[in-house]
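Notes follow the structure.
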Amino acid sequence: MSEGKENSNLGLMLKKLLNERSLSMRKLSELTKIDTATISRIISGKRKANLQHLQKFADCLGIPMTELFEAAGYPIEQSKEKPQSDIHTSIDIILNSLESYNLCDNKFSIARVEQQLANYGQYSQTEDGKNSILAGFEGKLQKVGSIGPFINKLQELYEEFRLGKGTSRRLFLIGSALLYFITLVDVIPDYVFPIGYLDDAIAVQIVLNLLLKDE
């Protein structure tokens, strides 16, 4: 798809969303902190929206990020793969994507994900951590839409955590996966689409592997 066609698709979608929500470009600018001239150029197809623009539009307009990213021409095919089937393949995809997004200074490794999971696991056992999971899970789910094969599993884990089923170690592991999914500040931020969610999927698979070993 050509860049002009992609920009046109996004512009039409944004116009439709603004009309449905009775919002002007000026109001959208106030809500997103993106200047009106930039929004106008994006809608008219004269400027390609970057990832941060799309994240803000999605949050403000209440639409799954996948729809805006696809309309803008960003590749989302990788997010539909099954990253949990081969973590090493997923790592290769992430590293290649970081290079293509000019984010080579972001060092991705399984060790960093595991460390973040350990931190989140500890936090999930506190009252604040539990409340963060209970208050944030559904909202994050709505934001991302059905963006991966790990979503159904996360919903099952959330129910288990909500009901307090399982041993303390099991709840620790489940809590770590849920917080990793909910929190925007992962090893790779969610707005680096689609690899920000591939990152989440790898974290979930690490936890699922640990849970399986405990059975």
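The values are calculated or read from the model by the stated rules, or taken from the named source; none is laboratory data. Here the structure is a predicted model, which is why all the values come from computation and not from measurement. Please note: Cβ atoms are built from the backbone with ideal geometry, for glycine as well, and neighbour counts cover all protein chains shown. Each accessible area value is taken on the protein alone, full model and side chains, heavy atoms only, with ligands, DNA and RNA left out. Shrake-Rupley method; radii C 1.70, N 1.55, O 1.52, S 1.80 Å.
Quick rundown of the values:
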{"read-out": "Rounded accessible area per residue of region 9-72, 1.4 Å, Å²", "value": "51 Å²"}
{"read-out": "Rg and Dmax [Cα atoms of region 9-72; Å; Rg one decimal, Dmax integer]", "value": "10.1, 25"}
{"read-out": "Calculated from backbone phi, Karplus (6.51, -1.76, 1.60) coupling profile of region 26-41 in Hz, x at Gly/Pro", "value": "5, 5, 4, 4, 4, 6, 9, 6, 9, 5, 4, 4, 5, 4, 4, 5"}
{"read-out": "Lys, Arg +1 and Asp, Glu -1 on Cβ, resulting dipole of region 9-72 about Cα centre, debye, nearest 20", "value": "280 debye"}
